[in-house]
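Worksheet for the structure shown next.
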Ligand SMILES: [Zn+2]
């Protein structure tokens, strides 16, 4: 009796398995919750996409066609590029092992255009809760996933910008928040908060919401007008990690260190206090570099690198800040730099996808993205002018070394060691001096705009 039952289940399974063709690929389908579905693993395998499963969050991450998709088990929302939610008629299936994407929704999920990347108009802020006296916390809860830009106008004034409308129109002040105003316009909500004391502001994503915490500052900060900063310079690579190596044997680690030492002198001449993550040809794990900057309570973090490419033709100067990559090229630069991690944890333990997940989580609450972008912009403009190198512009990507920085942070790719003409220039100390001068000018422009 028992045997017959098992057999009939098997037959049922085979009967229900089929195939579907989407975007030129054929996928094996299975039936889940009465819907013909493709598992996330199958979709990733057949399209050659990178994917990962974040077990503790029950989230699947897929990088496909230049977009990053985050699926959540038994949830109707698919978040794309960390900003948009596509709302499905039914939740993404999950059986404890696989995520099931209904075939009927493939088109809707994966044929997304950039213009569609706006949060659904269905999502509204439903509740805003201010609580606690020390620290004071504001919780913003919505009917779906939301992102929030936290802008610190000063240490007593904070603006929260959310790309969704609000069913809440008033917030009662409480704790350190002495006044709170909310503006809801065109499905954009702006919340202005005035604080009764100077506070440190921290934020994190919570389910369908965001939580921002205000903790009073123990020490009164220096007036903004002084503008003498603590800056950590991070010469890329070092020791057993050479970074990129040119055909002639020029090592990125050596060029980065020399440029950094030059930059240090120039920034000190501007009156800033400068620390370096390394001053010799020493190996420093990526995570330690960030920790060091946080421990020094740095105002800025500048990581110095030189570029490499499979092709010998690309040339030019570019500046990065931490963000979801918009270009495949930028992603590859980040992947190459993140590969230094294998020196920390061993080649086999280094998992680019796990690193990506980690960075995605960080982006949800990165408070310094706007300032980092601003700093990167000044550095890029000044450096391109100073060096005469091709201006490759600003870029954003998931650099591990910028991930945990509690300050505006940028990563500079000062030129290509794989381009023979550019490499010959970079080898000259006069060229590296110009690069350092360009970066220092950019910092000066950022400090005194
Ligand atoms: Zn590098």
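The values are calculated or read from the model by the stated rules, or taken from the named source; none is laboratory data. In this text the structure is predicted, and so the values were computed from the model without any measurement. When we count neighbours, we look across all protein chains shown, and the Cβ atoms used for this are built from the backbone with ideal geometry, even at glycine.
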**Asked** Here is a list of conditions, (1) without any contact (Cβ under 8 Å) to a residue 24 or more places away in the chain; (2) closer than 30 Å to residue 351 by Cβ, and residue 409 meets all of them except one; can you say which number that is?
**Response** (1)
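Do we have residue 197 as more than 27 Å from the chain's Cα centre (by Cα) and either surrounded by fewer than 16 Cβ atoms within 10 Å (Cβ to Cβ) or in a loop (DSSP other than H, G, I, E, B) (or both) here? I'd like the intermediate steps shown before the answer.
Working: more than 27 Å from the chain's Cα centre (by Cα): yes; either surrounded by fewer than 16 Cβ atoms within 10 Å (Cβ to Cβ) or in a loop (DSSP other than H, G, I, E, B) (or both): yes.
Yes: the conditions hold for residue 197.
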**Message:** For the condition within 16 Å of the ligand (Cβ to nearest atom) and within 19 Å of residue 376 (Cα to Cα), what is the one hit in 235, 285, 242, 314?
**Reply:** 235
**Complete:** Given the conditions (1) at pLDDT 85 or above; (2) within 25 Å of the chain's Cα centre (by Cα); (3) more than 16 Å from residue 35 (Cβ to Cβ), every one holds for residue 130 apart from (2)
**Prompt:** So residue 281 fits all but one of (1) in contact with a strand residue (DSSP E or B) (Cβ under 8 Å, 6 or more places away or on another chain); (2) within 30 Å of residue 448 (Cα to Cα); what number is the exception?
**Reply:** (2)
**Item:** Residue list for the stretch 274-318, filter: in a loop (DSSP other than H, G, I, E, B), free of Cβ contacts under 8 Å to residues at least 60 places away in the same chain and surrounded by 18 or more Cβ atoms within 10 Å (Cβ to Cβ)
**Value:** 277, 278, 284
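Would you mind finding the one in 157, 202, 196, 169 that is away from the ligand (no atom under 16 Å from the Cβ), in contact with a strand residue (DSSP E or B) (Cβ under 7 Å, 6 or more places away or on another chain) and either in the same structural domain as residue 58 (by TED's automatic domain parsing) or within 20 Å of residue 293 (Cβ to Cβ) (or both)? Before the answer, list the steps.
Working: 157 fails: either in the same structural domain as residue 58 (by TED's automatic domain parsing) or within 20 Å of residue 293 (Cβ to Cβ) (or both); 196 fails: either in the same structural domain as residue 58 (by TED's automatic domain parsing) or within 20 Å of residue 293 (Cβ to Cβ) (or both); 169 fails: either in the same structural domain as residue 58 (by TED's automatic domain parsing) or within 20 Å of residue 293 (Cβ to Cβ) (or both).
Checking each option against the conditions leaves just 202.
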**Item:** Filtered residues of the stretch 165-177 (kept if in a strand (DSSP E or B) and either under 18 Å from residue 143 (Cα atoms) or at pLDDT 90 or above (or both))
**Value:** 165, 166, 177
**Prompt:** Quick one: is residue 210 exposed (fewer than 15 other Cβ atoms within 10 Å of the Cβ), at pLDDT below 90, away from the ligand (no atom under 16 Å from the Cβ) and not assigned by TED's automatic domain parsing to the domain that holds residue 343?
**Reply:** no
**Prompt:** Looking only at the stretch 102-127, which residues are within 15 Å of residue 162 (Cβ to Cβ), in contact with a strand residue (DSSP E or B) (Cβ under 7 Å, 6 or more places away or on another chain) and modelled with pLDDT under 75?
**Reply:** 118, 119, 120
**Asked** Has the stretch 378-397 got at least one residue that is touching a residue at least 40 places away in the same chain (Cβ under 8 Å) and within 25 Å of residue 343 (Cα to Cα)?
**Response** yes
**Some residue of the stretch 245-255 being within 27 Å of residue 374 (Cα to Cα), away from the ligand (no atom under 12 Å from the Cβ), out of contact with any helix residue (DSSP H, G or I) (no Cβ under 6 Å at 6 or more places or on another chain) and outside any loop (DSSP other than H, G, I, E, B)** = no
**Request:** Look at the stretch 291-311 and say how many of its residues are within 16 Å of the ligand (Cβ to nearest atom) and touching a helix residue (DSSP H, G or I) at 6+ places or on another chain (Cβ under 8 Å).
**Result:** 8
**Prompt:** Just for the stretch 262-273: of the residues that are surrounded by fewer than 16 Cβ atoms within 10 Å (Cβ to Cβ) and either in a helix (DSSP H, G or I) or at pLDDT below 95 (or both), which one is farthest from the ligand (Cβ to nearest atom)?
**Reply:** 271
**Complete:** Per the list (1) within 17 Å of the chain's Cα centre (by Cα); (2) modelled with pLDDT of 80 or more; (3) outside any helix (DSSP H, G or I), residue check on residue 367 breaks on (2)
**Request:** Within the stretch 35-56, count every residue that is farther than 23 Å from residue 328 by Cα and without any contact (Cβ under 8 Å) to a residue 60 or more places away in the chain.
**Result:** 2
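Test residue 251 against the criterion of being at pLDDT 95 or above, surrounded by fewer than 21 Cβ atoms within 10 Å (Cβ to Cβ) and within 21 Å of residue 424 (Cα to Cα), and give yes or no.
Details: at pLDDT 95 or above: yes; surrounded by fewer than 21 Cβ atoms within 10 Å (Cβ to Cβ): yes; within 21 Å of residue 424 (Cα to Cα): yes.
Yes.
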